[in-house]
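Reviewing the structure listed below.
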Amino acid sequence: MDQKVNYKLLKNSPDFENPKPELEQYATPVDIVLEIVKKANSRGHLAGKVADLGCGTGRLAIGAAIQGADVTGFELDRKALNTAIQYSKKNNLDIKWVCGAVENIDEDFDTVIMNPPFGAQRPGADRIFLKKALGISEQIWTIHMSETRNFIEKFVDSNAGKIESRYEFDFAIPRSMPFHTEDTANQKAILYHIASLQ
Ligand code: SAH
């Protein structure tokens, strides 16, 4: 497929219809998805088996797939996953989708890409995702809030991970939940590239 067609597939990829606050359902903005998959691809990390943990409506998985990755998306919420499945079928995207909790994954991958729950609604949710990612893959590309940097870095270190790079950026969160007070809230976030030493 040519680059323009590919980009359009990502640009038009679906957002959550009725995002669930308790699952922290925020779709990654398309331009950020593109940055992540380009960075991962330029290091050769989309060449093997790739997993998207908590894939939601599938944005990151779709981004990786259009760079040619063999990707599996894992998501707890059946409704969000159905949105991903429908879109990928309609557009002939070859992506595997699995409905279930990331806690239960027991398959190995070369790379994990993820925008996990930040742990704001369900404390510890970010830890569950990081721990699983470090256990099942060698390379991890993951997004977290800047304010949790100290915590994340200690957690990665004590779970046999090594932070190879970090990139700070603004993550725009549109008004999408009942408790949001602004039209758009800009959160400082960090994209980490982590190598698992396990
Ligand atoms: N990765 C998507 C969605 C990010 S929001 C994107 O970048 O656009 C985080 C997602 O993790 C939500 O879709 C939520 O339903 C899912 N999630 C939360 N806890 C989960 C768990 N334990 N197992 C699997 N998915 C989970």
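The values are calculated or read from the model by the stated rules, or taken from the named source; none is laboratory data. Computed from a predicted model, the values in this text were never measured in an experiment. Cβ placement follows ideal geometry from the backbone for every residue including glycine, while neighbour counts extend to all protein chains displayed. For accessibility, only protein heavy atoms count, side chains too; no ligands or nucleic acids. Shrake-Rupley method; radii C 1.70, N 1.55, O 1.52, S 1.80 Å.
First measure r as the distance between the Cβ atoms of residue 127 and residue 5, then evaluate 1/(1 + (r/R0)^6) with R0 = 25 Å and state the FRET efficiency to the nearest 0.05.
Working: r = 39 Å, r/R0 = 1.54.
Between residue 127 and residue 5 the formula returns 0.05.
Report in % the part of the accessible area of the chain that belongs to carbon and sulfur, leaving out ligands and nucleic acids; probe 1.4 Å. Don't jump to the answer; show the numbers that get you there.
Details: 4620 of 9850 Å².
Here carbon and sulfur together make up 47 percent of the probe-accessible area.
Which pairs in the list 89/162; 89/131; 90/162; 11/96 are over 28 Å apart, alpha-carbon to alpha-carbon? It would help to have the intermediate numbers written out before the result.
On the way: 89/162 37 Å; 89/131 31 Å; 90/162 39 Å; 11/96 20 Å.
Long pairs (Cα-Cα over 28 Å): 89/162; 89/131; 90/162.
Take the Cβ-Cβ distance between residue 185 and residue 151 as r, set R0 to 25 Å, and report the resulting FRET efficiency rounded to the nearest 0.05. Walk me through the numbers on the way to the answer.
Numbers: r = 21 Å, r/R0 = 0.83.
Computed FRET efficiency for residue 185 and residue 151: 0.75.
Compute the label zone of residue 164 within segment 31-66: residues whose backbone N is under 19 Å from the point 7 Å along Cα-to-Cβ.
33-53, 61, 64-65
Out of all DSSP beta bridges with both ends in segment 82-195, state the antiparallel percent to the nearest 5. Present the calculation step by step, with values, prior to reporting the outcome.
On the way: 19 of 24 bridges.
That works out to approximately 80 percent antiparallel.
Is the shape of segment 82-133 rounded, prolate or oblate, going by the alpha carbon gyration tensor and its root eigenvalues a ≥ b ≥ c, with a/c under 1.5 for rounded and a/b larger than b/c for prolate? Walk me through the intermediate numbers first.
On the way: a/c = 2.50, a/b = 1.67, b/c = 1.50.
The shape class here is prolate.
How much area per residue is accessible in segment 123-198 when the probe is 1.4 Å and only protein heavy atoms are counted (Å²)? Write out the running numbers ahead of the final one.
Values: 3980 Å² over 76 residues.
Result: 52 Å² per residue.
Starting from the Cα of residue 188, draw a straight line to each of the aspartates and glutamates and keep only those under 13 Å, dropping any in the same chain fewer than 8 residues away.
147, 168, 170
So what are the ³J(HN,Hα) numbers for segment 94-108, from phi and the Karplus equation (6.51, -1.76, 1.60; θ = phi - 60°), rounded to whole Hz, Gly and Pro as x?
Each residue of segment 94-108 in turn: 8, 10, 8, 10, 10, 8, x, 7, 4, 3, 9, 6, 10, 10, 8 Hz.
Counting DSSP beta bridges in the chain, what percent are antiparallel, to the nearest 5?
Values: 20 of 37 bridges.
Here the antiparallel bridges make up roughly 55 percent for the chain.
Listed highest first by mean packing, meaning other Cβ atoms within 10 Å per residue, what order do 94-104, 45-55 come in? Numbers along the way, then the final one.
On the way: 94-104: 14.5, 45-55: 23.5.
In descending order of packing, they fall as 45-55, 94-104.
Which percent of Cα pairs goes in each bin when the distances of the chain are cut into 5 angstrom slices starting at zero?
Per 5 Å bin, starting at 0, the Cα pair percentages come out as 1, 8, 17, 22, 22, 17, 9, 3, 0.
Rounded if a/c is under 1.5, else prolate if a/b beats b/c, else oblate: with a ≥ b ≥ c from the C-alpha gyration tensor eigenvalues square-rooted, which is segment 53-139? Kindly include the intermediate steps, with their values, before the conclusion.
Numbers: a/c = 2.01, a/b = 1.36, b/c = 1.48.
Cα axes put segment 53-139 in the oblate bin.
Ranked from highest to lowest mean number of other Cβ atoms within 10 Å per residue, what is the order of the peptides 111-121, 139-149?
Numbers: 111-121: 22.7, 139-149: 20.2.
Descending packing order for the listed peptides: 111-121, 139-149.
Taking amide hydrogens as modeled 1.01 Å from N in the peptide plane, which residues meet the under 5 Å criterion relative to residue 73, leaving out close sequence neighbours?
For residue 73, the qualifying residues are 52, 96, 97, 98.
Sorted by average packing, counted as other Cβ atoms within 10 angstrom per residue and highest first, what order do 153-161, 22-30 take?
Working: 153-161: 15.1, 22-30: 18.9.
With the highest mean Cβ count within 10 Å placed first, the list reads 22-30, 153-161.
Per residue of segment 15-28, what does 6.51 cos²θ - 1.76 cosθ + 1.60 with θ = phi - 60° give for ³J(HN,Hα)? Whole Hz please, x for Gly and Pro, Karplus curve as stated.
Per residue, the Karplus-derived 3J(HN,Hα) values read 9, 5, 7, 10, x, 9, x, 5, 9, 6, 8, 10, 6, 5 Hz.
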